[in-house]
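K.L.:
Just passing along the structure, written as structure tokens.
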Amino acid sequence: MADHNGTPKFRWHIVVFLAPAVLVYTAIMIYPLFNTLRLSMFTQVGQERVFIGLQNFRTLFGDAIWSDQFWNALGNNFWFFIIHMLVQNPIGVALAAILSHPKLRFASFYRSAIFIPTILSFVIVGFAWKLILSPIWGIAPGMLDAVGLKALYAPWLGKEAYALTALSLVSVWQFVGIPMMLIYAALLSIPEEILEAAEVDGITGISAFWKIKLPLILPSIGIISILTFVANFNAFDLIYAAQGGAGGARFFDRYSGHLHVSHLLRVPTPTR
């Protein structure tokens with residue numbers, strides 16, 4: 001829309017609608033982020049805060065004590081993320097494809113049952129799985145023994161080699177409902193005309209999913225991948241809830257002053 005001089009009018013209504021969200025996001029996200037970067041350039045000397053520039057970062061990356069711990073923690077973050085990308089998201093896509101089938105009975109019940117863990121507290125989930133996988137009072141050894149797989153059981157949360165992977169799979173169980181629901185919504189948004197045209201051409205069943213549906217939901221899968229990356233590089237609660245009472249207590253007591261989440265995400269050697 002333009003005025004009588006031919007120049008386009010400024011759309012003030014866009015500013016009015018966006019301003020509240022921008023102000024809230026700036027207050028709770030942008031400002032704390034830049035304030036954290038500002039504080040990283042200071043150190044505490046007695047009762048005074050002294051500006052030291054990038055010295056903290058030089059210590060973090062140059063001092064062997066700090067750099068080894070940082071890169072180890074960052075590597076654990078990447079492993080946590082990779083498991084979610086390779087396990088959680090494909091399972092979410094598969095579940096969405098199955099539950100979107102029009103002839104599936106009780107689909108609403110299945111969707112609700114799969115999504116319910118996502119609304120549970122990290123503390124509840126962590127403590128529950130800690131009990132389930134316990135070699136003393138957990139039900140996992142008995143269940144594996146009942147199907148003849150007792151030899152596969154190990155104290156997964158108590159061994160450094162297995163703990164992070166086990167916690168990653170627990171997190172997958174809790175949050176697989178989110179990619180499932182997002183992909184499910186994307187599948188339902190595909191126009192029926194496209195599916196009917198594909199059916200006329202003989203593309204049905206699994207072929208319709210791979211050749212028609214999957215290419216159309218790739219943008220949604222991309223968004224889910226970004227959300228997975230962000231969420232898993234902020235993972236903290238589940239690891240602490242499941243490990244904090246055992247070997248994790250020593251680690252978190254030692255590094256309780258470090259606020260970088262990926263620095264905290266590290267599986268300690270279990271107490272012997």
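Bear in mind that the values in this text are calculations on the coordinates, not laboratory data. Owing to the predicted nature of the structure, the values given are computational and were not obtained by experimental measurement. No Cβ is skipped: glycine too gets one built from the backbone with ideal geometry, and neighbour counts run over all protein chains shown.
K.L.:
Expressed as a whole percent, how much of the Cα-Cα distance distribution for the chain exceeds 29 Å?
P.N.:
Numbers: 19800 of 36856 pairs.
Value for the chain: 54 percent of Cα pairs lie more than 29 Å apart.
K.L.:
Would you work out the charge dipole size for region 63-264 about its Cα centre, treating the Cβ of every Lys and Arg as +1 and the Cβ of every Asp and Glu as -1, and quote it to the nearest 20 debye? Intermediate results must be reported in sequence, preceding the final value.
P.N.:
On the way: 10 positive and 11 negative charges, 97 e Å.
Roughly 460 debye for region 63-264.
K.L.:
With springs only between Cα atoms under 10 Å, which of His101, His13, His84 fluctuates most in a Gaussian network model of the chain?
P.N.:
Comparing His101, His13, His84 in the GNM, the peak value goes to His13.
K.L.:
Would you kindly calculate the translational diffusion coefficient of region 35-193, applying Stokes-Einstein with the Kirkwood radius from alpha carbon pairs, for 4 °C and a viscosity of 1.567 mPa s, and quote it in µm² s⁻¹ without decimals? Walk me through the numbers on the way to the answer.
P.N.:
Numbers: Rh = 19.7 Å.
After rounding, the answer is 66 µm²/s.
K.L.:
Which value, in Å to one decimal place, does the Kirkwood hydrodynamic radius take for region 12-57 when every pair of different Cα atoms is included?
P.N.:
Numbers: mean 1/r = 0.0779 Å⁻¹.
It is 12.8 Å.
K.L.:
Say the dipole of region 63-264 comes from +1 at the beta carbon of Lys and Arg and -1 at that of Asp and Glu; which of Phe81, Ala128, Leu182 then lies farthest toward its positive end?
P.N.:
It is Ala128.
K.L.:
Where the Cα atoms of region 206-245 are projected onto their three principal axes, how long is each span, largest first, in whole Å?
P.N.:
So the three principal-axis extents are 49, 19, 7 Å.
K.L.:
Still on this structure, please answer the following. For a quick protection proxy, order the peptides 217-227, 104-114 by their average other-Cβ count within 10 Å, most packed first. Walk me through the numbers on the way to the answer.
P.N.:
Values: 217-227: 14.8, 104-114: 12.5.
Result, highest mean Cβ count within 10 Å first: 217-227, 104-114.
K.L.:
OK, next. Run the numbers for Lys211 and Val22: contour at 0.36 nm per residue of separation, minus the present Cα-Cα distance, in nm.
P.N.:
Numbers: separation 189, 0.36 × 189 = 68.04 nm, distance 3.96 nm.
Taking Lys211 through Val22 to full extension adds about 64.1 nm, to one decimal.
K.L.:
Measure off 7 Å from each Cα along the Cα-to-Cβ vector at Trp66 and Trp137, then give the distance between these two points in nanometres to one decimal.
P.N.:
The two pseudo-label positions are separated by 4.3 nm.
K.L.:
Now a separate question. Given the options Gly158, Val15, Leu99, identify the residue whose Cα lies farthest towards the positive end of the charge dipole of the chain (+1 on Cβ of Lys, Arg; -1 on Cβ of Asp, Glu).
P.N.:
It is Gly158, whose Cα lies furthest towards the positive end.
K.L.:
With only alpha-carbon pairs counted, each pair once and no self-pairs, how large is the Kirkwood hydrodynamic radius of region 1-90 in angstroms? Don't skip to the answer; put the middle values down first.
P.N.:
On the way: mean 1/r = 0.0545 Å⁻¹.
Roughly 18.3 Å, rounded to one decimal.
K.L.:
Run lengths n ≥ 4 of DSSP H only: what is the helix-derived mean residue ellipticity at 222 nm for the chain, with -39500 (n - 2.57) per run over all residues, to the nearest 500? Before the final figure, lay out each step's value.
P.N.:
Numbers: 16 runs with 168 residues, N = 272.
So the calculated ellipticity at 222 nm is -18500 deg cm²/dmol.
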